[in-house]
Amino acid sequence: MQIAETTLQTIARSGVDALKRGDARAARTAFEQVTNAGRGSLQLWLFLAQACEALGDDPATAAALDQVLAQDPRNPFALIMRGDIYTRARDDRAAVAWYEMATNAAKLLPEISPDLAQRLARGDVAKAAASARFLTALQGNLSAAGIDAAAAGPRFAEALDLLAGTKPTYVQEPTNFYYPGLPSVPFFDTAAFAWVAPLEAAMPAIRAEVEAVLAADAGVQPYVERPADRPGRPHPLMNDPRWSAFHLMLNGERVAANAARCPVTMAALAALPLPAIKGRAPMALFSILRAGTHIPPHNGMLNTRLICHLPLIVPRDCRLRVGNTVRAVEAGKVLIFDDSIEHEAWNDSDEARAILLFEIWRPELSAAEIAGLTAMYESVAMYGTE
C-alpha cells in the first residue's frame, strides 16, 4: 500500500521533531518509513544517519551516510560522521582520511554552521589523538629495530612528524619567481660560508652604528610600504613603523645619506659576496622590530637567494621560524635561511630588536646560472624604464 506524499511529509517532520528533542528511536522509525517508501532526500538520509548514530548503530549509520555521499560526495557532515565511525572502530588510518576530506570540503563552504563547526573541532581532536597513537607505535617499532631516532638527526625527526601528520610540510613557495631544482633547506650551516666569522667579529662595531641610528631616529621607515604605482599585497604590518628598515643599499644603489652614517657596516658589507643586479641588488639594511611585535607567516619573492641576518641588538624572547624549524636569535650569531619557505619572527620582549639583513646567491647555483639569472632579473627590473 502506497503512503500518500502529504503523509510522508508529516512523518518526516515528526522525525525531525523527535531528533530535536533527543528521541533518536522515534526519529529513526519515522525516517525509515520515508526512505522505505523511496522518498529519501539527501537531508533526510543525513537525519537518519544522525538518529542511527545516536542509537549506537554504526552499520546503519554507515548505510545511511553512503546514500548521502552517493548524491553529494563532498558533503562535510557525512564525511566527518564516516570518520567518527572509523574512530569508534579504532581504525585510525581510515578515520584520518575521512576527517581530512571533511576539512577540505568544509573549506569550500561560504559559511559553517555551529553544528558542523563542533563536529569539525571534535574531528581535529580525534585526528590529533590518532596521530599521537601512530607516532607512539612507530617509535616503538623503530626502537625494537635498534633505530635511535634522536641519533639519526633533526631531519629524520622532522620526517617522522610529517609522516604522523603532527607537523605540516613546508616547501619553497616564492611569491614572484620559482627556480627549479634547488633543495628546500630552511636554515643553512653557517660554517660552510667563509665570510661569516669575519662578519661576526665585526659585530660590536656594527652594533654601535645601529645604536646611533636608533638614537637619532632619522632615516628609518616602515619595512613594508604600500607601492605607489601598483596594488600591494595585504600585510598586517603595512606602513607600520613597528617593523622598520634603515636602508644602506636598496635596488642596487647605496643610500648615500644612510651609508655615510655607517662606515664600519659598509666596509663589512663590501667584503661580502653580495649579488650585483642592476635595479635590484645589492640590498642591505638594518631591520628593526619593535617591542612586542610579531612578523606573521609569509614567503619571500625568490628562491634563488638566501637571506642573512647578523643580530646586533637582541633582547630576550626573540626567535625566528622557517618551515618547521624555530631558532633563537642570538646577538652576533649569523642566521642564513631560505625565505621562500614560510617564515615568521617574534620580539616578545619590551625592547627593540635590530639586525643587519642582506641577501646572497644560493650556493648551489653555478657561475653560468648566476650570469643567466642576473641578466634575467636585470631585464625584469629595467623593463619599461628605458
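The values are calculated or read from the model by the stated rules, or taken from the named source; none is laboratory data. The structure displayed is predicted, hence computed values, not measured ones. Neighbour counts run over all protein chains shown; Cβ positions are idealised from the backbone, glycine included. To get the accessible areas, we keep the full protein, side chains included, count just its heavy atoms, and leave off ligands, DNA and RNA. Shrake-Rupley method; radii C 1.70, N 1.55, O 1.52, S 1.80 Å.
What number of residues within region 296-316 satisfy the criterion of being more than 27 Å from Leu373 (Cβ to Cβ) and assigned to a strand (DSSP E or B)?
The total comes to 4.
In region 362-386, how many are surrounded by fewer than 19 Cβ atoms within 10 Å (Cβ to Cβ) and not in a loop (DSSP other than H, G, I, E, B)?
Qualifying residue count for the region: 14.
Which residue is farthest from the chain's Cα centre (by Cα), if the candidates are limited to region 163-186 and must be closer than 26 Å to Pro234 by Cβ and open to solvent by less than 50 Å² (accessible area, probe 1.4 Å)?
Among residues in region 163-186 that are closer than 26 Å to Pro234 by Cβ and open to solvent by less than 50 Å² (accessible area, probe 1.4 Å), the one farthest from the chain's Cα centre (by Cα) is Tyr179.
Restricted to region 115-146, and to residues that are touching a Phe, Trp or Tyr at 6+ places or on another chain (Cβ under 9 Å) and of a type in the set (A, V, I, L, M, F, W, C), which residue is nearest to Phe77 (Cα to Cα)?
Per the criteria, the residue is Leu116.
Got a number for residues in region 47-74 being crowded, with 22+ Cβ neighbours inside 10 Å and under 35 Å from the mean Cα position of the chain (by Cα)?
Residues in region 47-74 being crowded, with 22+ Cβ neighbours inside 10 Å and under 35 Å from the mean Cα position of the chain (by Cα): 2 in total.
Is there any pair linking a residue in region 171-192 that is farther than 14 Å from Ile307 by Cβ to one that is among the acidic types (Asp, Glu) and open to solvent by 70 Å² or more (accessible area, probe 1.4 Å), with Cβ under 9 Å and at least six apart or on different chains, and which?
Going by the 9 Å Cβ cut-off, the qualifying pairs are Gly181/Glu364; Leu182/Glu364; Pro183/Glu364.
Can you tell me which residues in region 270-290 are in a loop (DSSP other than H, G, I, E, B) and open to solvent by 50 Å² or more (accessible area, probe 1.4 Å)?
Those that are in a loop (DSSP other than H, G, I, E, B) and open to solvent by 50 Å² or more (accessible area, probe 1.4 Å): Ala271, Pro273, Ala276, Lys278, Arg290.
Quick grid of which residues meet (1) part of a helix (DSSP H, G or I); (2) open to solvent by 80 Å² or more (accessible area, probe 1.4 Å); (3) at pLDDT 90 or above; (4) not β-branched (Val, Ile, Thr):
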residue: Leu120; (1), (2), (3), (4): yes, no, yes, yes
residue: Ala137; (1), (2), (3), (4): yes, no, no, yes
residue: Asp148; (1), (2), (3), (4): no, yes, no, yes
residue: Ala152; (1), (2), (3), (4): no, no, no, yes
residue: Arg155; (1), (2), (3), (4): yes, yes, no, yes
residue: Asp161; (1), (2), (3), (4): yes, no, no, yes
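Run down Arg319, Arg327 and say which single residue is free of Cβ contacts under 8 Å to residues at least 60 places away in the same chain, part of a strand (DSSP E or B) and of a type in the set (Lys, Arg).
After applying the criteria, what remains is Arg319.
Residues in region 254-261: is at least one under 24 Å from Glu342 (Cα atoms) and not in a helix (DSSP H, G or I)?
Looking for residues that are under 24 Å from Glu342 (Cα atoms) and not in a helix (DSSP H, G or I), one finds none in region 254-261, hence no.
I'm told Val185 meets every condition in (1) of a type in the set (A, V, I, L, M); (2) farther than 24 Å from His298 by Cβ; (3) modelled with pLDDT of 90 or more except one. Can you identify the failing condition by its number?
(2)
Mind telling me which of the residues Val210, Val220, Val224 ends up being within 23 Å of His294 (Cβ to Cβ), touching an Asp or Glu at 6+ places or on another chain (Cβ under 8 Å) and either open to solvent by 30 Å² or more (accessible area, probe 1.4 Å) or not hydroxyl-bearing (Ser, Thr, Tyr) (or both)?
Just one listed residue meets the conditions, Val224.
Specify the residue that is nearest to the chain's Cα centre (by Cα); the eligible residues are those in region 80-100 that are aliphatic (A, V, I, L, M) and buried (at least 19 other Cβ atoms within 10 Å of the Cβ).
In this case the residue turns out to be Val96.
For region 337-361, give me the residue count where each residue is touching a residue at least 60 places away in the same chain (Cβ under 8 Å), open to solvent by less than 40 Å² (accessible area, probe 1.4 Å) and more than 16 Å from Gly300 (Cβ to Cβ).
Selection size over region 337-361: 4.
State the number of residues belonging to region 124-138 that are touching a residue at least 24 places away in the same chain (Cβ under 8 Å) and farther than 12 Å from Asp92 by Cα.
2
Regarding region 319-327, can at least one residue be identified that is under 23 Å from Asn258 (Cβ atoms) and of a type outside the set (Ser, Thr, Tyr)?
Scanning region 319-327 turns up no residue that is under 23 Å from Asn258 (Cβ atoms) and of a type outside the set (Ser, Thr, Tyr).
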